[in-house]
Structures are given as structure tokens and as C-alpha cells.
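Report on the structure given below.
The values are calculated or read from the model by the stated rules, or taken from the named source; none is laboratory data. Bear in mind the structure is a predicted one, so any value in this text is a computation, not a measurement. We place every Cβ from the backbone using ideal geometry, glycine too, and count neighbours over all the protein chains shown.
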Amino acid sequence: MLEELRIGVIGAGGIAQDRHIPALAALKNKVTIPAICDVNQSKAEKVAKTFDIPYVFKEYEEMLSTVVLDAVVICTPNKFHADITITALRAGAHVLCEKPMAMTTFESRKMVKAAKKADKLLSIGYHYRYTEAAYMAKKSIQEQKIGDPLVTRIRAMRRRKVPGWGVFTNKELQGGGSLIDYGCHFIDLAFWLLNHPQPVEVIGRTYNRLSTTPNQVNEWGAFDYQTFNVDDHVSSYITFQDGSSLQFECSWAANIKEDEMHLSISGAEGGLSVYPFEIYRPQDNEYQLSEENADHNHNEDQAGERQISNFVNSCLGMESLLVKPEEALKVNQIIEAIYDSSNKGRSVRLENPE
């Protein structure tokens, strides 16, 4: 059994520099980073120098065929997730791929099949599951503190914060905007908390009117309104086979007073909020807040470290993956269905994606 993992990094952008490489470097007794690759080789060279990574490549195929690697972390635009993941799995490497899993459900299925065929681990970077708030909510639901979940509500709302950097607004490279970049985290988190119910119908609407008008106010840098062609605001209603439902809204550019992160679940015997973590139950014939409200926070730096630790330990046979590829596939199915419903102007029926 391996005692130390040789992990390569594919994509040298902000998420690699700010989250994944520092988290990997912190596991010095379990991990080495022998190679990094990026189509922008000068960027990769700068990152390699900062983090003392020996080998730099422009093409991931060359890196995989030249350096012996036990695993890779993929931090590229969404368009390349599937091809790189499948190539890495076939080369004998475990894979942690940034979210979303891929551009389409079809690509996601291919990734799942490739992982099974190669007998290698594949996980997707849905790090919201690793926060204290998420852990506590999951534990509370497993302990039946709210009974059977009935209605889930998500509001992932940013006030005029379209990302003005990178390729976030490039539909060809990313496949979408606020939904595929930001809202996907909350869909994944909700499905995990609900124990992955089977969705049966989705109705969705996507908007980008605000970001395609001139002279916008935007807090996260400038972008070209004339070429903006992804969603900046999305709403959806999802029903499940067990009769429960999910109300969903996300935005990069809402005209609201302040940003809002909201995920709550109403159950048959009580309810809970994830942000902030609180549980609501009837007590002594009165409806009051239980004593189980606590400062379980949403620390993304800590979540990123936990995510890497779980992936590394799973590769070493010490843990099981928290985010499994079949679960991430279901998130992609929902994303695709929301876009499909909006394009068709009607609800979309779903089949089991597995």
C-alpha cells in the first residue's frame, strides 16, 4: 500500500494556487507534488517556482506520460474536465477534478465509467460539504431531528458580483454562468443532506438581461456586456420521487440589499437552516428555536483543506471519498435539466442518470 502520493496539478490558475496546492503542500508526510502543467507555461513556471515543484509541462498528456504520478488534481476550465479526467484515469492516476464534474451529463457518465474501468478513485471539488455547518446539518438529519425532509429552499445570491477575471463568462469554455459556477455547490450540498433523492421533474428559468446592458455596477471587476452570453440569474423548482421538493435560486448579479447564502429544510418533525446553523422544533406546545443553534460556520479555507485530506487519505486506503462521482453526476443532470427547461420553456422529466 502506498504511504506517500505523487500528485500532479493540471491547471495553474487561482483555484490551484490559492486552495489546492497549499492544501497539498501542508500534507508533507503524505504528498509530494512533482509536476504541474498549464497551457500558459509561463504561469505554470511561476507557480512551480513559488511552491518548489520540480517539473513543468504545457500539455497534460506529456506530463502523464513523462512523470510517474499516483493522482492528479484538475483545475482547468469546465470544457476540459472530461477529457483530462478520462486520460488521467487511463494512465493509472486517481483524480480530484474541480466542479462541476463536466459540461454535460453524457460527459459525466463517461467519467464514471472510466473510473470504474481503471479501478481508480474519482472525486469532484464540491467542498461545501466539508464545512462545519454542513457536517452539523448532515448529522442532525441522520439523527432524525427534523423527520422526513419535505421542502428544501436554496438562495445563493450575490449582489452585483459577476466575476470579471478568468473565463467565468466564457460559455464555450465553461458551459454556463452563475448556475454552473456557483449554484452547483448548493445543489450538491442539498442533495447530500437529503441523501441523494431521485429527481423526477425540473422547471427552470435562466436570465442574463442585467449583464447584457451597458453601464452596470459590478463589484468584481469589469466585463464586456456586449459578449456576455451566460446566465447571471437562475430560478428553478425540482420535485423528487419521494414527493419532496426543492426551491432554488442563484445569481451573480442580483439587485438585492446584500449577498445571501440560504439553505433550509422543512421536515415532518422540524426544520433546519444551514447558514446560520439552527434547528427548529416544537417544544412544550410552543414553536421555538431549539438549543442546538451554534456557531458552525462556512469556512471555505478549512473546507478546502479537508477536501484535499479526504482525497489523499482515500487514495491511501485510510478513508472513503465524501464526494463520489455518481453523486456529482446527479448534480450535472440537474444543471443540464434547468438549462434545458429554460430553453424549451417547459418542465423537463428526468430519468435515473446512473
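SER235 falls short on exactly one of the conditions (1) modelled with pLDDT of 95 or more; (2) under 27 Å from ARG160 (Cα atoms); (3) touching a helix residue (DSSP H, G or I) at 6+ places or on another chain (Cβ under 8 Å), and that condition is (3). For the stretch 260-278, the criterion of being in contact with a His (Cβ under 6 Å, 6 or more places away or on another chain) and either within 28 Å of LEU122 (Cβ to Cβ) or modelled with pLDDT of 95 or more (or both) is met by no residue. A single entry from ALA133, ALA190 fulfils the requirement of being at pLDDT below 95 and buried (at least 19 other Cβ atoms within 10 Å of the Cβ): ALA133. Number of residues in the stretch 65-90 that are part of a loop (DSSP other than H, G, I, E, B) and of a type outside the set (Ser, Thr, Tyr) equals 6.
Table: residues versus (1) among the hydrophobic types (A, V, I, L, M, F, W, C); (2) under 16 Å from TYR182 (Cα atoms); (3) not assigned by TED's automatic domain parsing to the domain that holds PHE248.
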| site | (1), (2), (3) |
| --- | --- |
| ASN297 | no, no, yes |
| GLU300 | no, yes, yes |
| GLU305 | no, no, yes |
| ASN313 | no, no, yes |
| GLY317 | no, no, yes |
| LYS324 | no, no, yes |
| GLU336 | no, yes, no |
| ASN343 | no, no, no |
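Against the definition (modelled with pLDDT of 95 or more and closer than 26 Å to VAL230 by Cβ), how does TYR55 come out, yes or no? Criteria not met by TYR55. Of all residues in the stretch 39-64, those satisfying the criterion of being in a helix (DSSP H, G or I) and in contact (Cβ under 8 Å) with a residue 40 or more places away in the chain are TYR60, MET63, LEU64. Which of the residues belonging to the stretch 301-346 are touching a residue at least 40 places away in the same chain (Cβ under 8 Å), assigned to a loop (DSSP other than H, G, I, E, B) and either of a type outside the set (Gly, Ala, Ser) or buried (at least 18 other Cβ atoms within 10 Å of the Cβ) (or both)? Within the stretch 301-346, LEU316, LEU321, LEU322, VAL323, LYS324, ARG346 meet the criteria.
When the stretch 116-127 is limited to residues that are touching a strand residue (DSSP E or B) at 6+ places or on another chain (Cβ under 9 Å) and crowded, with 21+ Cβ neighbours inside 10 Å, the one that is nearest to THR85 (Cα to Cα) turns out to be LEU122.
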